[in-house]
Amino acid sequence: MMVLTAADIRRFANLPDKVSDEVIHPHLERGIRFVEKRAGREITDAEGDKDWREAAMCMTMYFLLPVINTMYLDGASSFARESDNMTDYVFCSPSQVVTIQNYWKNRAEGIIADLETAEGEGNVMVEVI
């Protein structure tokens, strides 16, 4: 059973319902695997894993972003014709997608670095020469 759901990702990243569970799941699974490898263990829904879960959600967004941007771009021209108003939607260029992906990955890496540092406290080795 997954510790996070597609609904968690939609809530976390304020994604519309149009981004279905089926679209999110493969990227969510990948995000969880990425974080579990870094943690060296399975991530649970225990309170102590809250930050690990947040890192997994960030990595899910990193993997998901190009897919959802494509979803919106696929409908961009028809949306414009139907409404004559595209101010409600922002369509990203490939370079903008990379920039936003880097935001999500950097956020995850920051969380993981903090966790790895905290978990490593007390295990510091000093070599005296």
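Here are some notes:
- Solvent-accessible surface ranking, highest first, for LYS105, LYS50 at 1.4 angstrom: LYS50, LYS105
- Calculated P(r) of region 1-54 - Cα pairs past 18 Å, %: 30 percent
- Those lysines that a straight Cα-Cα span of less than 22 Å connects to LYS50, excepting residues fewer than 8 apart in one chain: LYS37, LYS105
- The residues neighbouring HIS25, those whose beta-carbon lies less than 14 Å from its own, together hold a net charge of -1 under the Lys/Arg +1, Asp/Glu -1 convention.
The values are calculated or read from the model by the stated rules, or taken from the named source; none is laboratory data. This is a predicted model, so every value here is computed, not measured. Backbone-built Cβ (ideal geometry, glycine too); neighbour counts: all protein chains shown. Quick note on the areas: whole protein, heavy atoms, side chains included, nothing else; ligands and nucleic acids left out. Shrake-Rupley method; radii C 1.70, N 1.55, O 1.52, S 1.80 Å.
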